[in-house]
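*Asks:* Let me give you the structure first, and then I'll get to my questions.
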Amino acid sequence: MAISVDSLHDQIPYYLTREQKEGLLKALKDFPRNTPYYLTGQYKEEYQEKLMQGDSWTKLKIFNFYTGEKASINGIVLSNTCDVTPENARDIPVNIVFAPIVPLSAYSAALEKGGISSEKIQQKILAIKAQQITTIFYLPAGDCLDKDHIVLLDDIHTIPAKAFEQEAEKSKQFTLSLVGFYLFVFKLSVHFCRLHEGVNRT
């Protein structure tokens, strides 16, 4: 599915209030330019300590598949908010699903190292910034991000929610705004739940 203003408009969540829908449509008017991805001010402070889908946190633990080495990275929560919030008791311990956040410049350097031409790299970067690459979610510089970053949606990890809660040094990098969260969930649905896959399963 091509991600465009029209496709985004067609998928406006039904549960939004009229004011929220109007605000979302206004924010999408100039998509992908001048799109407010992050909460600021009092709204940011209100959710600073809460764990929600689309949040970026530090000190998320990953394991290298080939070496078994452990590392702490910055990542974005893919799990649904109600599934991982500590206030929602579970009979069985849950895991938090997340994906790494990496600088766009590092991704570009990796493409260059792989022998991709400068022209193709520039075309890919433009597509990423327009949210047209289904495996990548673009995060523009802003809030705590001093430069453009991307989320690798095909590089998924988990951490026990209890272990995450007990990590004393973790901190939230940002909380997505309504439009940022909407774009994020839209990209997740396109990446993981594409019903029109073109495969005949009958």
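Bear in mind these aren't lab numbers, they're just calculated from the coordinates by the rules spelled out. Since we're looking at a predicted model, the values are computed, not measured. No Cβ is skipped: glycine too gets one built from the backbone with ideal geometry, and neighbour counts run over all protein chains shown.
*Asks:* Using the Cα centre of region 5-192 as origin and beta-carbon charges of +1 (Lys, Arg) and -1 (Asp, Glu), tell me which of ALA109, GLY75, THR58 is placed farthest towards the positive end of the dipole.
*Replies:* Towards the positive end, the residue furthest out is ALA109.
*Asks:* Counting pairs of Cα atoms in region 5-192, how many percent are more than 23 Å apart? Don't skip to the end; give the middle numbers.
*Replies:* Working: 8105 of 17578 pairs.
Percent of Cα pairs beyond 23 Å in region 5-192: 46.
*Asks:* I've got another one for you. List the pairs from LYS44/LYS113; LYS59/LYS187; LYS120/LYS147; LYS124/LYS172 whose alpha-carbon separation is above 31 Å, in the order I gave them. Kindly include the intermediate steps, with their values, before the conclusion.
*Replies:* On the way: LYS44/LYS113 38 Å; LYS59/LYS187 24 Å; LYS120/LYS147 21 Å; LYS124/LYS172 29 Å.
Correct reply: LYS44/LYS113.
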